[in-house]
Amino acid sequence: MTRQKVVLNPYPRPLDMVMSTHDAERLHDLVDVIWGKDENIPESEFARACGEAYAVITSSWQRRSLDDMPNLRAIMETGGRHPSPSVLDYKTCFARGIRVLSCAPAYGPMVAEMALGMAIAAARGIVSAHRDFAAGEELYLYPSNSAAFTLYDQPVGFVGFGGLAQSLKPLLAPFRCPIQVYDPWLPASFIEERGCAPVSLQDLLPNARVIFVLAIPSNENRAMLDRKLLSLIRSDAVLVLISRSHLVDFDALTELLHEGRFRAAIDVFPQEPLATDHPIRTAPNTILSAHRAGSVWQDMHNIGRMVVDDLETMLAGLPPTRMQSAQPEIVYRLP
């Protein structure tokens, strides 16, 4: 029986970051692997593989014609989001039954844990207290907690209720937080059945003590949290920007933070690396992180496990179940 051929090109991430030795062996037992190196596959090498490739495993799909890939059945993305429709011909994919799969579910638990950690750090003043201590300016006991609060029983707001939010929600359970959700892509009953209250942004922002920005970027939600909406956030609240900066008017956010309007914890930025002179770096009551939430080495191996699991089921004539399948109603909204 002829084995299917699969292009393995997770560049720029090294292969052993996204796939354990065990899952790499599973993959090689399952299919004939083309490339599978830490360097980016040369265009000439990819062109030779196109005619027979059953699947392409890649962190970033490049604009390529699918006409040269008659055997293609899956594009398996390892970067955390589906390719933009500006670089991938989704119409052809859907017409030919080519699965476009994202490893986004592998990132959910990692990012959710970081979001919780950043929220607690901001609420309890952990980072600023460390800086004061290192500078010999620490305050002890009660005076050090004048602006601190615990997460217990605090009202929480989710902007977006996709996979990331649903990874975060169980982590908040011990804190008994009532959760309000803004997500126009979901029916109210879906949110209610999961123990949350569907609300508008105008209701969520002034009421939540901790606001988590969790939605995926779309053409409709660019800078959705503009100056007017950000100004609704209560002065004792924490905004945790953890999914994409695309959703926020970042200039307005920076100015409001410099005005001391509320606190924030930010892991994503409009340009990365961020300019060394960007004013967000000096914003008070702000915790900054260099897009670290979803890149913990030990958990990245979940990506490779998902990829091999779904290849295995597809080769058996079954639908993939581990990765996130592209839906036309969603992907055509991606920027």
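Each reported figure results from applying straightforward, stated rules to the coordinates on display, with no laboratory input. Just so we're clear, the structure is a prediction, and the values are computed from it rather than from any experiment. Cβ sites come from the backbone with ideal geometry, for glycine too, and all protein chains shown count toward neighbours.
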Listed with the fewest Cβ neighbours within 10 Å leading, Thr286, Thr2, Thr78 appear as Thr2, Thr286, Thr78
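Can you show me the helix-derived [θ] at 222 nm for the chain, built from DSSP H runs with n ≥ 4 at -39,500 (n - 2.57) apiece and divided by the number of residues, rounded to the nearest 500.
On the way: 13 runs with 118 residues, N = 335.
It lands at -10000 deg cm²/dmol.
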I need Glu272, Glu25 ordered by Cβ neighbour count within 10 Å, fewest first.
Glu272, Glu25
Treating only Lys and Arg (+1) and Asp and Glu (-1) as charged, each at its beta carbon, one finds that region 107-288 has a dipole about its Cα centre, in Debye to the nearest 20, of 220
Candidate aspartates and glutamates for bridging to Lys5, where Cα separation is under 12 Å - those fewer than 8 sequence places away on the same chain excluded
Asp29, Asp32, Glu52
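For region 193-335, state the average projected area of the convex hull of the C-alpha atoms over all orientations, rounded to one decimal in nm². Can you show the working numbers first?
Working: hull surface 45.1 nm².
Average projection, Cα convex hull of region 193-335: 11.3 nm².
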Antiparallel content of DSSP bridges confined to the chain, in %, to 5:
5
Exposure proxy ranking, count of Cβ atoms within 10 Å, fewest first, for His246, His130:
His130, His246
Expected max-MSF residue from Leu232, Leu247, Leu204 in the GNM of the chain (alpha carbon, under 10 Å) is Leu232
Among Ala237, Ala135, Ala197: highest mean-square fluctuation, GNM of the chain, C-alpha pairs under 10 Å:
Ala135
Of the candidates Leu288, Gln298, Phe158, the farthest towards the positive dipole end of the chain (Lys/Arg Cβ +1, Asp/Glu Cβ -1, centred on the Cα centre) is Phe158
Distance (nanometres) between label positions extended 7 Å along Cα→Cβ at Arg48 and Ala135
6.0
Pull up the cross-link candidates among the aspartates and glutamates for Lys91, meaning alpha carbon to alpha carbon under 18 Å and not fewer than 8 places away within one chain.
Asp67, Asp68, Glu77, Glu329
Tell me, how many Å apart are the Cα centres for region 227-242 and for region 87-155?
15
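Report the GluC sites (Glu not before Pro) located in region 167-254 that are in a DSSP loop and have at most 16 other Cβ atoms inside 10 Å of their Cβ, or state none. Numbers along the way, then the final one.
On the way: sites: Glu192, Glu193, Glu220; in loops: Glu220.
Hits after loop and neighbour filter: Glu220.
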In degrees from 0 to 90, rounded to the nearest 10, what is the angle of the helix 21-30 Cα long axis to the longest principal axis of the chain?
30
Rounded to whole Å and sorted largest first, what semi-axes of the equivalent ellipsoid does the C-alpha gyration tensor of region 107-288 yield via the square root of 5 times each eigenvalue?
26, 20, 15
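Apply the Kirkwood formula to the chain: the hydrodynamic radius equals the inverse of the mean of 1/r over all pairs of different alpha-carbon atoms; give it in Å with one decimal.
Hydrodynamic radius (Kirkwood, Cα pairs) of the chain is 21.6 Å.
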